[in-house]
Structures are given as structure tokens and as C-alpha cells.
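The values are calculated or read from the model by the stated rules, or taken from the named source; none is laboratory data. For clarity, every value in this text was computed on a predicted model and none was experimentally measured. No Cβ is skipped: glycine too gets one built from the backbone with ideal geometry, and neighbour counts run over all protein chains shown. With ligands, DNA and RNA removed, areas are computed over all heavy atoms of the protein, side chains included. Shrake-Rupley method; radii C 1.70, N 1.55, O 1.52, S 1.80 Å.
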Amino acid sequence: DGRHSYRDGTSHGQSTRTFIPISSSFFGTPQTIQKDLESGRLSATYAQSIVCVVLDEAHKEVGDYAYCKVVQYLADRGAKFRLLGLSATPGTSIQAIQQVIHTLAIHRVECRTDEDVKSYVHDVQNEVVIVPQLDATSIG
């Protein structure tokens, strides 16, 4: 509908062209966005206009992970953005969690317990279907 752009790294042949999303929302893998920013395919002007970055699996935001580089790139270019980091498993220790907080310059952390989200969780019904394997000679 023109309000959303998606970039997944499969658009071959655009390696030397600038990619400028013309939408209010822009989605992409962390690796694709990192490469587009570093190569100039995603313009620095557009990077400065970003106002919100949503990071799924935020607990991975340490070390050499692509999102760390994307966040640093945007900050270095003067982008003024809010960061929403999501994680169901934030870390196995206080030190691990603190590393994510430090790396992403997080100022406020909110936690939800099972009790908090209970009304949003629904029962799951699984059904196992066993499909017999066909003999290779009977195919075709």
C-alpha cells in the first residue's frame, strides 16, 4: 500500500544504486541494513531521518552483531531515534543484561512476567499427522 518498504538482501543488481525507501515504515534484516548503510545504498540523509528502530532478539546486541553496527552508524550520523529492544530471554546473568543495556545506550528497561501477559497467551493444540513415505519406484 506504499506505506511500508521491505529489504531482504535478495535484490541483486542494486549494488551501486542508492536505495531510498519512500514509506513511513522500513523493514530489513540487520545484515542487509548494515550493508546498505555502509555501502551508501541507504543514503545518509535517510539515515538521519529515522526516528524509531525496533530490535527483535535484543539480547544479541553485543559484540560484532549487525544491529550494534547499525545503531552505532545511525548515532554517528546524528540520527535522533528511539530504540525499542525486544527479548523474551534478555540474558543469563546481570552482567549479560548490563552489556546489552550499555551497548544500546538503553535508558529505561521494562519487564513483563508470565502473569502480565497471561491474557494474551492462548492454548495451543498440536496434532501429529504421520505421512507414510512413498516408495521411489511408485513416484512418477
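Can you find even one residue in the range 90-97 that is of a type in the set (Val, Ile, Thr), in contact with a Gly (Cβ under 9 Å, 6 or more places away or on another chain), modelled with pLDDT of 85 or more and within 30 Å of residue 111 (Cβ to Cβ)? Please lay out each step first, then the result.
Taking the range 90-97 as the starting set, the residues that turn out to be of a type in the set (Val, Ile, Thr) are 92, 94, 97.
Keeping just the survivors that are in contact with a Gly (Cβ under 9 Å, 6 or more places away or on another chain) gives 97.
Adding the requirement that they be modelled with pLDDT of 85 or more leaves 97.
Restricting the remaining residues to those that are within 30 Å of residue 111 (Cβ to Cβ) gives 97.
Yes, because at least one residue in the range 90-97 is of a type in the set (Val, Ile, Thr), in contact with a Gly (Cβ under 9 Å, 6 or more places away or on another chain), modelled with pLDDT of 85 or more and within 30 Å of residue 111 (Cβ to Cβ).
Scan the range 102-115 residue by residue and report those that are out of contact with any Asp or Glu (no Cβ under 6 Å at 6 or more places or on another chain) and within 27 Å of residue 71 (Cβ to Cβ).
Scanning the range 102-115 gives 102, 105, 106, 107, 108, 109, 110, 111, 112.
If residue 46 satisfies every condition in (1) open to solvent by less than 60 Å² (accessible area, probe 1.4 Å); (2) hydroxyl-bearing (Ser, Thr, Tyr); (3) not in a helix (DSSP H, G or I) but one, which is the exception?
(3)
Of everything in the range 82-106 that's open to solvent by 80 Å² or more (accessible area, probe 1.4 Å) and in contact with a strand residue (DSSP E or B) (Cβ under 9 Å, 6 or more places away or on another chain), which residue is farthest from residue 55 (Cα to Cα)? Lay out the reasoning, then the answer.
Of the range 82-106, the ones open to solvent by 80 Å² or more (accessible area, probe 1.4 Å) are 82, 84, 88-89, 92, 94-95, 98-99, 102.
Applying the additional criterion that residues be in contact with a strand residue (DSSP E or B) (Cβ under 9 Å, 6 or more places away or on another chain) yields 82, 84.
Values: 82: 11, 84: 6 Å.
Filtering first and then ranking leaves 82.
Go through (1) open to solvent by 50 Å² or more (accessible area, probe 1.4 Å); (2) within 20 Å of residue 31 (Cα to Cα); (3) in a loop (DSSP other than H, G, I, E, B) and name the single condition residue 79 misses.
The single condition residue 79 does not satisfy is (1).
If residue 69 meets every condition in (1) open to solvent by 40 Å² or more (accessible area, probe 1.4 Å); (2) over 22 Å from residue 35 (Cα atoms) apart from one, which number is that one?
(2)
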